Amino acid sequence: MKKVNIKKTRNQKPKDDQSLDAVLRPFSWNDYIGQKRIKKGLKIILEAANKRNEPFDHLLFYGQPGLGKTTLAHLIAAESKSNLRVVSGPSLSRIGDLAAILSNLEEKDILFIDEAHRVPRPVEELFYSAIDERKIHLTLGKGPSARAISLDLPYFTLICATTRVNLISPPLRSRFGAIFRFDYYEKQDIEAIVERSAKILGFEIASEAVSAIARASRFTPRLANRLLKRSRDFAEMRNLKIIDKEIVSETFKILEIDEMGLESYDRHLLKMIIEKFGGGPVGVNALTAALGEEKGVIEEVYEPYLIKIGFLQRTPIGRMATEETYKWLNIAR
Ligand code: ADE
């Protein structure tokens with residue numbers, strides 16, 4: 001489990017991509033761009049709890065990867081002066097893993113579980129009493145010598161994040177005080193994030209370069225920052241102090257993404273619909289079989305962006321490529 005000391009992360013000299021991400025992370029509401037609806041809701045929850053001098057309610061964040069769920073958990077911890085304990089769902093494979101974490105919590109800690117849909121059900125069940133009674137009930141040993149014990153927990157807040165909200169079981173889902181869906185960002189918000197990040201990294205960036213990165217970012221801050229960091233690598237190699245449109249275009253080529261932010265798997269999915277299924281409509285099960293990918297992953301991870309940019313239509317009789325898809329992929333109808 002990572003215990004995050006925010007000041008330390010902030011002041012450390014960046015070494016690798018991950019510590020760069022920590023440097024780029026906003027730690028105050030003023031620095032956090034976009035997701036206005038969520039920001040507003042969270043501020044009210046935090047301020048009200050603060051007034052009552054109580055820990056705030058447990059929260060569930062869901063949405064596409066990279067839209068700032070973890071970033072917001074860090075920000076909430078900083079704003080409420082709490083320690084953030086970061087745990088990834090897949091690392092909680094046994095009840096004992098979660099019991100150890102819960103029993104080590106301190107007053108006012110925030111426990112952040114990323115990829116919460118990957119916590120196995122028997123482990124997840126430990127959260128029920130942890131939330132309802134601030135206790136956990138465990139059975140030690142097996143057979144006739146087995147012993148039941150209960151442990152009291154301090155006041156804490158659980159924040160779960162997931163890309164697959166349908167896989168969070170109803171009993172857990174109903175225990176959160178608020179559930180927030182993270183949307184894609186507005187293009188101008190992504191532009192503001194790129195400009196802010198470039199400033200922190202000490203690079204000048206041309207406005208067409210900002211716009212090109214925003215367009216290819218899939219309206220996702222993590223991807224925008226990744227494109228910026230890779231463009232900066234290119235600029236640095238050429239001893240340039242400014243990132244311009246040419247540098248950004250070269251970066252896209254190397255990363256094999258196009259100007260709309262499509263990656264090879266997106267093109268593969270769209271081409272499959274066009275070439276194998278005559279442009280659709282094709283049922284999701286047939287598509288799933290053809291792509292060799294899980295249905296939920298196609299529906300919740302691959303498709304939303306393609307639908308957002310108008311390259312894919314979900315109709316009652318199946319998925320269809322659109323006029324724009326043919327044009328963008330340069331395929332005759
Ligand atoms: N970096 C990543 N997400 C951000 C956001 N929402 N605002 C500012 N910087 C960010």
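Values in this text are rule-based calculations from the coordinates and carry no lab data. These figures come from a predicted structure and were not determined experimentally. Positions of Cβ are generated from backbone atoms using ideal geometry, with glycine treated the same way; all protein chains shown enter the neighbour counts.
Using a Förster distance of 30 angstrom, determine the FRET efficiency expected from the C-beta separation of Ala192 and Tyr155, and round it to 0.05.
The computed FRET efficiency comes out at 0.25.
What number do you get for the chain when its Cα radius of gyration is normalised by 2.2 N^0.38 Å, N = residues?
So the Cα radius of gyration is 1.13 times the expected 2.2 N^0.38 Å.
Which GluC sites (Glu not before Pro) in the range 70-155 sit in a loop by DSSP (not H, G, I, E or B) and have at most 16 other Cβ atoms within 10 Å of their own Cβ?
Passing sites in the range 70-155 are Glu106, Glu107, Glu133.
Find which of Thr162, Tyr326, Val297 sits farthest along the positive direction of the dipole of the chain, computed with +1 on the beta-carbon of Lys and Arg, -1 on that of Asp and Glu, about the Cα centre.
Among Thr162, Tyr326, Val297, the one farthest towards the positive end of the dipole of the chain is Thr162.
Any chance you could give the angle, 0 to 90 degrees and rounded to 10, that helix 69-79 forms with the longest Cα principal axis of the chain?
The answer is roughly 50 degrees.
Gly279: net charge of surrounding residues, Cβ under 13 Å, Lys/Arg +1, Asp/Glu -1, itself excluded?
Taking every other residue near Gly279 into account, the sum is +2.
Putting +1 on Lys and Arg Cβ atoms and -1 on Asp and Glu Cβ atoms, find which of Gln188, Ser249, Gln18 reaches farthest to the positive end of the dipole of the chain.
Farthest towards the positive pole: Gln18.
Mind checking the dipole of the chain: about its Cα centre, +1 per Lys or Arg Cβ, -1 per Asp or Glu Cβ, Debye to the nearest 20?
Around 600 debye, computed over the chain.
Please go through the residue pairs Lys271/Lys308; Lys40/Lys245; Lys108/Lys199; Lys43/Lys81 and name each one whose alpha carbons sit more than 24 Å apart in this structure.
Check vs 24 Å cut-off fails for Lys40/Lys245; Lys108/Lys199.
Report the antiparallel proportion of the DSSP beta bridges in the chain as a percent, rounded to a multiple of 5.
Expressed as a percentage, antiparallel bridges in the chain total about 40.
Relative contact order for the chain using alpha-carbon pairs under 8 Å, separation at least 6, rounded to a whole percent?
15 percent
Under the classification rounded if a/c is under 1.5, otherwise prolate if a/b is larger than b/c and oblate if not, where does the range 264-329 fall, given a ≥ b ≥ c as square roots of the Cα gyration tensor eigenvalues?
rounded
For the range 1-151, what is the percent of antiparallel DSSP beta bridges, rounded to the nearest 5?
60 percent
Based on the alpha-carbon gyration tensor of the range 192-291, what equivalent-ellipsoid semi-axes (square roots of 5 times the eigenvalues) come out, in whole Å, largest first?
Each semi-axis is √(5λ); the values are 34, 13, 10 Å.
Which FRET efficiency, nearest 0.05, do Glu47 and Ile179 yield, Cβ-Cβ r, R0 25 Å?
Approximately 0.85, to the nearest 0.05.
Calculate the spin-label point distance for Tyr128 paired with Ala146, positioning each point 7 Å from the Cα along the beta-carbon direction, and give it in nanometres.
Label-label distance for Ala146 and Tyr128, simple model: 1.6 nm.
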